[in-house]
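What follows draws every value from the coordinates through simple rules; no lab data is involved. Model, not experiment: these values are computed from the prediction. When we count neighbours, we look across all protein chains shown, and the Cβ atoms used for this are built from the backbone with ideal geometry, even at glycine.
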Amino acid sequence: MLKLVIPKGSLEEQTLRLFEAAGLTVRRSSVRDYHGSIDDDRIERVSVLRPQEIPTYVADGLFDLGITGQDWIAETGSDVEVLTSLSYAKTGTGHGTNIVLAVPNEHPANSAEEMPEGSRISTEFVRITERYFDGLGISVKVAWSYGATEAKVPEIVDAIVDVTETGSTLRAHGMKIIETLLTSEPVLVANREAADDPAKRAAMDDITTLLLGALAAEGRVLIKLNVSEAHRDAVLAVVPSMKAPTISPLANGGYAIETVVDKRGVNRLIPELKAAGATDVLELPITKIVP
C-alpha cells in the first residue's frame, strides 16, 4: 500500500534498528542494496536513499512516506506533511543534530552578527545559510560543499555551516562554533495527497504508532516483583515508575508489582528493592511502549 523511503548514510543504522524494534524489519539482499521489503501488507516497498533527496521525492509523490531531517525540509522547501518527530541521531536516541556556523579558533567573530561583509562560507545548506544571513542583513558568499567541509578553512573559505551532534569533530579541526542556525531531528513525513487517502492515512497512523512506541521503549525495562503485605509500602517507596506501578494481589497473600523503569540505574535499583523486602525480582526487556 505505502511506498516508503528511509535515509541512507549517517542515519541508516539507527533507522534500521528503530524499524526492527517496531516490528517492521527491513530486509535487503545486502547492505549495498538501495531497495528492500518489509513483511507487512501496509508497506508495498522500501527504498534507501540520501536524506537530502527524500523531502522532494515525497512531496512529488514518488513515495507516500519517508524519514528525513527537518534540516533538509528547510533546505529544499519541500511541501510535505510532518507526521511526527523521531528523536534519534547516528549515535543513538533521545537527541538530534544542530546546523552550526563554525570558524577557525583564531577568527575574531564570536557570533554570526560579527561576521564581516563578504565572508566566504562553505556548506551543504546553501539556502538555510543564505536566508539566515539575509535576515541579519549581512552580505556573504555562500558556496556549495561536496564534502570535507571543515578542510576548506581558512585557505579556501572563512567559515563553514555544517551539521553536528556534539561539535567534537569541529573542535578537533581547530574550529569554534559561534552560532546555531537550526536544530534538527529526523521526522516522518508524508505526501499530502497520499495522506488524504483514508486507507493510506490509516496505515500511516499505524506506522507512526509503532515507531513512537519503539522509541519510547528505548533504554527502558520492565521490573516485576513480589512483596508481602508487611513490606509493600517500603518497596513502593523505592519503586520508580513512568506513571504508577501496577499492583495485583497474589492468591497466597502479598502482591505482585510491575513497573517500567530506565535501564540506567537498574543495577542499583534491584538491590534496593531486595533490601526493602521484594522477592522474585525479574528484569525483562521491552520493545514498545504505546500510551
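The table that follows gives values for the structure above.
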{"quantity": "Amide H partners (placed H, <5 Å) of THR84, local residues excluded", "calculated": "LEU188"}
{"quantity": "Exposed chymotrypsin sites (Phe, Trp or Tyr not before Pro) absent: longest stretch of the chain, with sites in DSSP loops and at most 13 other Cβ within 10 Å deemed exposed", "calculated": "147-291"}
{"quantity": "16 Å cut-off, amide nitrogen to a point 7 angstrom out along ASP39 Cα→Cβ, residues in the range 1-20", "calculated": "19-20"}
{"quantity": "Choice from ALA237, ALA278, ALA256 showing the highest fluctuation, given a GNM over the chain with Cα pairs closer than 10 Å", "calculated": "ALA237"}
{"quantity": "Proximal lysines relative to LYS3, as straight alpha-carbon distance under 26 Å, when same-chain residues fewer than 8 apart are discounted", "calculated": "LYS90, LYS200, LYS288"}
{"quantity": "Neighbour-count ranking [beta-carbon atoms within 10 angstrom, fewest first] of THR164, THR246, THR97", "calculated": "THR246, THR164, THR97"}
{"quantity": "Rough spin-label spacing in nm, given labels placed 7 Å along Cα→Cβ, for ILE156 and GLU113", "calculated": "3.2 nm"}
{"quantity": "Selected from THR123, GLY213, LEU225, residue furthest toward positive end of dipole (the chain; charges at beta carbon)", "calculated": "LEU225"}
{"quantity": "Electrostatic dipole magnitude of the chain [Cβ: Lys, Arg +1; Asp, Glu -1; Cα centre; debye, to 20]", "calculated": "840 debye"}
{"quantity": "Degrees, to the nearest 10: 198-217 long Cα axis against longest axis of the chain", "calculated": "70 degrees"}
{"quantity": "5 angstrom amide H check on ARG220, placed H, neighbours 5+ away", "calculated": "LYS263"}
{"quantity": "On Cα atoms only, tilt of 266-276 relative to the major axis of the chain in degrees", "calculated": "20 degrees"}
{"quantity": "Listed residues GLU150, GLU81, GLU113, most fluctuating in the chain (Gaussian network, C-alpha, under 10 Å)", "calculated": "GLU113"}
{"quantity": "For the chain, built as a Gaussian network whose Cα springs stay under 10 Å, the top-fluctuating residue of VAL161, VAL221, VAL48", "calculated": "VAL221"}
{"quantity": "Exposed-site-free run, longest, the chain (rule: trypsin sites (Lys or Arg not before Pro); DSSP loop; at most 11 other C-beta within 10 Å)", "calculated": "33-242"}
{"quantity": "Cα centroid separation, the range 156-194 to the range 46-80 (Å)", "calculated": "17 Å"}
{"quantity": "R0 of 35 Å, Cβ-Cβ distance ALA230-GLU165: FRET efficiency to nearest 0.05", "calculated": "0.10"}
{"quantity": "The chain, helix-only ellipticity at 222 nm - DSSP H runs n ≥ 4, -39,500 (n - 2.57), divided by all residues, nearest 500", "calculated": "-8000 deg cm²/dmol"}
